[in-house]
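Participant: Sharing a structure here in structure tokens format.
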Amino acid sequence: MTYTIEKADNKLVLKNIKDFNPTHIFENGQCFRWYKEDDGSYTTVAGGKVINVLKDGDNIVIDGSDEKDWKEYWHHYFDLDRDYGEIKKELSKDPILEEAIQFGDGLRLLNQDPYETVISFMISANNQIQRIKNAVEMISNDLGEYIGTYRGREYYSFPDPEKLAAKSTEYIREKYRVGFRGDRIREVSRRISEGEFDTQCIFETGYSDAVNMLTTLPGVGPKVSGCILLFAYDKTEAFPVDVWVKRVMEYFYFKRPAKRRELEESGEKIFGELAGYAQQYLFYYARELGIGK
């Protein structure tokens, strides 16, 4: 994407930027370290950095980043090399998705850290978004490195796997209020920290093999692995099915109840390599409008 960066009042102003709405990006279940401020902006934490993102008319205003940092980190994080106009054009051939896309037209998939994504979506299983956010924040505040203070709130990075692996299951369960997930979080962190599981090799692994690799981890089933592959590894053929995607697919496509595996396979078949984008547009559309509830 071609856009211009200007400076004003110690902030960056992104002009001529398309397909970028912070609400659609952050409030669609793909990440959990964002906070909506009173002015409608979003403060987010990633890669040991903190920025504030505000949509101001046709511009995006960034507080907390210089131009070098934006180009070297945040540009990729927000997936700004990808043409979402073409993606939406192709998916809009489906009339249901055409309406869903109009509802969440500024959505983008974030390129997130693999380990943090693994742990975050293990916590997400059978859980509510606010509780997931709270748990991820408690882990970061307890074990992460201090980044800085913004608008009166202290921010910490997500810790390395060694930090969580060193804690007991009881400590993880009670301290971060993750319940039965405590032992799984500790074991996965141990495997990664000791090199038994290589999070980096999945980037070069085909989708089916990547699913098989991830689901060897305790607490990582088909839905969680799909989320991890979509949000951390750019495997856009992934079609993770949560309760909202299940409802919207049954309501519009199946016209009947369907099993999760059937829904996953149908998403991959209908939308192909764009299945992950379709999943995000459908998720946001269904949740915001309560479709099939």
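The values are calculated or read from the model by the stated rules, or taken from the named source; none is laboratory data. Only a predicted model underlies this, so the values are computations on that prediction, with no experimental measurement involved. Quick reminder, even Gly has a Cβ in these numbers, built from the backbone with ideal geometry, and neighbours come from all protein chains shown. Each accessible area value is taken on the protein alone, full model and side chains, heavy atoms only, with ligands, DNA and RNA left out. Shrake-Rupley method; radii C 1.70, N 1.55, O 1.52, S 1.80 Å.
Participant: Taking the Cβ of R191 as the centre, find all other residues whose Cβ is under 14 Å away and add up their charges (Lys, Arg: +1; Asp, Glu: -1).
Facilitator: -4
Participant: Shifting gears a bit: With the crude spin-label approximation of a point 7 Å out along Cα→Cβ, what separation in nm comes out for K11 versus E273?
Facilitator: About 3.8 nm separates the two model spin labels.
Participant: Further question on the same structure: Give a quick list of trypsin sites (Lys or Arg not before Pro) in region 198-255 that DSSP marks as loop, anything other than H, G, I, E or B, with at most 13 other Cβ atoms within 10 Å.
Facilitator: In loop regions of region 198-255 (DSSP not H, G, I, E or B), the sparsely surrounded trypsin sites (Lys or Arg not before Pro) are K255.
Participant: Residue-wise, which Karplus ³J(HN,Hα) couplings in Hz belong to region 161-166, taking 6.51 cos²θ - 1.76 cosθ + 1.60, θ = phi - 60°, and x for glycine or proline?
Facilitator: The phi angles translate into x, 4, 5, 6, 5, 7 Hz.
Participant: Which of the trypsin sites (Lys or Arg not before Pro) found in region 1-96 are in a DSSP loop and have at most 12 neighbouring Cβ atoms, other than their own, within 10 Å?
Facilitator: Qualifying residues, ordered by number: K93.
Participant: Continuing with this model, one more query. Label region 239-293 by shape, choosing from rounded, prolate and oblate, from the square roots a ≥ b ≥ c of the eigenvalues of the Cα gyration tensor; if a/c is under 1.5 it is rounded, and otherwise prolate applies when a/b is larger than b/c, oblate when it is not.
Facilitator: oblate
Participant: Right, here's the next one. Using a 1.4 angstrom probe on the protein heavy atoms only, line up Y150, Y73 by accessible area, largest first.
Facilitator: Result, largest first: Y73, Y150.
Participant: Okay, next question. Could you derive backbone 3J(HN,Hα) for region 176-188 from the dihedral phi with the Karplus parameters 6.51, -1.76 and 1.60 (θ = phi - 60°), listing whole Hz in sequence and x where the residue is Gly or Pro?
Facilitator: Values per residue, Gly and Pro as x: 9, 6, 9, x, 5, 6, x, 5, 5, 4, 5, 5, 5 Hz.
Participant: Just want the answer: with Cβ charges of +1 for Lys and Arg and -1 for Asp and Glu, which residue in P159, I147, F283 is farthest toward the dipole's positive end in the chain?
Facilitator: F283
Participant: Using 0.36 nm per residue of separation minus the Cα-Cα distance, give me the extension gain between N127 and D105 in nm, one decimal.
Facilitator: Gain on extension, N127 to D105, equals 5.2 nm.
Participant: Across 5 Å bins from the origin, how do the percents of Cα pairs in region 131-273 run, short distances first?
Facilitator: Per 5 Å bin, starting at 0, the Cα pair percentages come out as 2, 9, 15, 17, 16, 15, 13, 8, 5, 1, 0.
Participant: Another question, if that's okay. Run through every distinct alpha carbon pair of region 14-81 and return the Kirkwood hydrodynamic radius in angstroms, one decimal place.
Facilitator: The answer is 12.3 Å.
Participant: Could I ask something else about it? With charges set only on the Cβ (+1 for Lys and Arg, -1 for Asp and Glu), what does the dipole of region 67-138 come to about its Cα centre, in debye to the nearest 20?
Facilitator: Approximately 240 debye in magnitude.
Participant: Give me the one-decimal nm value for the distance between modelled label points at K89 and K68, 7 Å along each residue's Cα-to-Cβ direction.
Facilitator: About 3.7 nm, to one decimal.
Participant: Length gain on complete extension for the stretch R153 to M138, per 0.36 nm per residue less the alpha carbon to alpha carbon distance?
Facilitator: Extending this stretch completely gives an extra 4.1 nm.
Participant: With a Förster radius of 45 Å, plug the Cβ-Cβ distance of R177 and D56 into 1/(1 + (r/R0)^6) and report the FRET value to the nearest 0.05.
Facilitator: 0.75
Participant: A further question on this structure: Rounded, prolate or oblate: which fits region 87-197, taking a ≥ b ≥ c as square roots of the Cα gyration tensor eigenvalues, rounded meaning a/c under 1.5, else prolate when a/b beats b/c?
Facilitator: It is prolate, given that a/c is not under 1.5 and a/b is the larger ratio.
Participant: Give, as ranges by residue number, the residues of region 45-59 whose backbone N falls under 15 Å from the point 7 Å along Cα→Cβ of Y146.
Facilitator: Hits in region 45-59 for Y146 at 15 Å: none.
Participant: Given Cβ point charges of +1 (Lys, Arg) and -1 (Asp, Glu) and nothing else, what value in debye, to the nearest 20, does the dipole of the chain about its Cα centre take?
Facilitator: For the chain, the charge dipole is close to 1120 debye.
Participant: Still on this structure: Let a ≥ b ≥ c be the square roots of the eigenvalues of the Cα gyration tensor of region 1-122; is it rounded (a/c under 1.5), or, if not, prolate (a/b larger than b/c) or oblate?
Facilitator: Because a/c hits 1.5 or more and a/b fails to exceed b/c, region 1-122 counts as oblate.
Participant: Run the quick spin-label model on Y3 and E250: label points 7 Å from Cα toward the beta carbon, then report their separation in nm to one decimal.
Facilitator: 3.8
Participant: With Kirkwood's inverse mean 1/r over C-alpha pairs for Rh, give me the Rg to Rh ratio of the chain, two decimals please.
Facilitator: On the Cα set of the chain, Rg over Rh gives 0.95.
Participant: Can you find, among S168, L230, V248, the residue sitting farthest towards the positive end of the charge dipole of region 149-293, where Lys and Arg contribute +1 and Asp and Glu -1 at Cβ?
Facilitator: V248
Participant: Ordered by residue, what ³J(HN,Hα) values in Hz, to whole numbers, does region 204-213 give under the Karplus form 6.51 cos²θ - 1.76 cosθ + 1.60, where θ = phi - 60° and Gly and Pro are x?
Facilitator: 9, 9, x, 4, 4, 5, 5, 4, 4, 5
Participant: Determine how large the accessible area of R261 is when every protein chain is in place; take a 1.4 Å probe and give Å² rounded to the nearest 10.
Facilitator: Surface accessible to solvent at R261 totals approximately 130 Å².
Participant: Okay, next question. If the only charges are +1 at each Lys and Arg Cβ and -1 at each Asp and Glu Cβ, what is the size of the charge dipole of region 11-151 around the Cα centre, to the nearest 20 debye?
Facilitator: Approximately 120 debye in magnitude.
Participant: Could you pull the Cα extents of region 196-261 along its three principal axes, largest to smallest, in whole Å?
Facilitator: 43, 22, 16
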